[in-house]
Amino acid sequence: MISGIKSLYHGAIRYTSTRTVSDEYIDWLTLANAGMLSKGNIYAMRFAIQHLPSTSPVVEIGSFCGLSTNVISYLLATQEKENKIITCDKWMFEGAEGLGQVGNSQIPHGQYRDYVKAAYMNNVDFFSKGNKPYTIEEFSDDFFESWKNDELRVDVFEREIQLGGKISFCYIDGNHTYDFAKRDFENVSQHLDVGGCILFDDSFDMNPFGLTALMKEIMKDERYVLVMRNPNYMFK
């Protein structure tokens, strides 16, 4: 267990009702920017950003249309943090691999993917001008392999970014199955700063994606303490 963390935070914060952030800008952002983001996650993100242990990058696994990315960028700005944001997404959606049309429409899944990627790029270009994220178009396994090897990569905006080094905070919102989420956790753990947080989307108790088992495993991991469950789990 990391020395001092439990005494600093007086144990994990386990809210009986979801704590949220009241912020006019975020209200307007969530109206314009498509995405699926728990209000409790915004509260947890703000807490993690307030307590960032270093100026190392903030990493997001899975970006969809950029809503959570833009929230992270905004929270960094409001907390006067200058950490870079580095994200990865392949825009290959769970359950849509190899399918033809989207439902009964005339829209192929490939065009839907291209639309969502373009929406992401447009959204972060508009809402995160002050700290525009670097986004690598890769599955998370490949992204972390590049991170481990300190590779120089070109992002979706055709900018070079040096990967590697420590991570100050990670939001895991990629493939929510147990195996993928566990690999994301193990990969982040190799690089996470002491005192850095990991927030898991869709990790609330009895969620349908199978992350309940993973959360129980991490609870037993002596390297981590539970910071909050709101209702998703965030560990330090």
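Using only Cα coordinates, the Kirkwood hydrodynamic radius of region 39-140 works out to 14.7 Å. With R₀ fixed at 22 Å, the C-beta to C-beta distance from Glu151 to Tyr115 puts the FRET efficiency at about 0.15.
Under conditions of 10 °C and 1.306 mPa s, the chain yields 87 µm² s⁻¹ as its translational diffusion coefficient, taking Rh as the Kirkwood radius over Cα pairs in the Stokes-Einstein equation. The length gained on full extension between Thr212 and Glu186, counted as 0.36 nm times the residue separation minus their Cα-Cα distance, comes to 7.7 nm.
Where both residues lie in the chain, what percent of DSSP beta bridges are antiparallel, nearest 5? Intermediate results must be reported in sequence, preceding the final value.
On the way: 9 of 27 bridges.
So the antiparallel bridges amount to about 35 percent of the total.
Going by accessible surface with a 1.4 Å probe and the largest first, Arg223, Arg113 read Arg223, Arg113. Remark: region 131-144, residue by residue, has Karplus-estimated 3J(HN,Hα) of 8, 5, x, 8, 10, 9, 7, 8, 5, 4, 4, 5, 4, 6 Hz, where x stands for each Gly or Pro and the curve is 6.51 cos²θ - 1.76 cosθ + 1.60 at θ = phi - 60°.
Lysine pair count for region 84-236 (Cα-Cα distance under 15 Å; residues 8 or more apart in sequence or on different chains): 10. Between Ile167 and Leu192, Asp193, the built amide H atoms are under 5 Å apart, and every one of these is 5 or more places off in sequence or on another chain. What does the charge add up to near Ile161, with Lys and Arg as +1, Asp and Glu as -1, over the other residues with Cβ less than 13 Å from its Cβ? Residues near Ile161 contribute -3 overall. With θ taken as phi - 60° and the Karplus curve 6.51 cos²θ - 1.76 cosθ + 1.60 applied, the whole-hertz 3J(HN,Hα) list for region 43-50 is 4, 5, 4, 4, 4, 4, 5, 4 Hz, x standing for glycine and proline. Put Ser73, Ser54 in order of accessible area, highest first, and with a 1.4 Å probe you get Ser54, Ser73. Counted by Cβ distance under 9 Å from Asn232, the other residues give a net charge of -1, where Lys and Arg count +1 and Asp and Glu count -1. Both radii were evaluated on the Cα set of region 118-236; the Rg over Rh quotient, with Rh as the Kirkwood radius, amounts to 0.99. Less than 5 angstrom separates the built amide H of Thr87 from those of Glu60, Tyr134, Thr135, Ile136, all sequence-distant by 5 or more or on a different chain.
Our coupling estimate for region 200-209, obtained by passing each phi through the Karplus curve with A = 6.51, B = -1.76, C = 1.60 and θ = phi - 60°, is 9, 6, 6, 10, 4, 4, 6, 5, x, 8 Hz, Gly and Pro reported as x. In this structure Thr20 has an accessible area near 80 Å², from a 1.4 Å probe over the protein heavy atoms. Mind jotting down the distance between the C-alpha centroids of region 17-75 and region 111-176, whole Å? Going from one Cα centre to the other spans 16 Å.
Taking a probe of 1.4 Å, how large is the accessible area per residue of the chain, in Å²?
50 Å²
Per-atom-type breakdown for region 109-184 gives carbon and sulfur 48% of the accessible area (1.4 Å probe, protein chains only). Accessible area per residue (1.4 Å probe, heavy atoms of protein chains only) ranks Glu60, Glu217 as Glu217, Glu60, with the largest value leading.
The values are calculated or read from the model by the stated rules, or taken from the named source; none is laboratory data. Just so it is clear, the structure is predicted and the values come from calculations on it, not from any experiment. Counting neighbours? That spans all protein chains shown, and the Cβs are built from the backbone with ideal geometry, glycine included. With ligands, DNA and RNA removed, areas are computed over all heavy atoms of the protein, side chains included. Shrake-Rupley method; radii C 1.70, N 1.55, O 1.52, S 1.80 Å.
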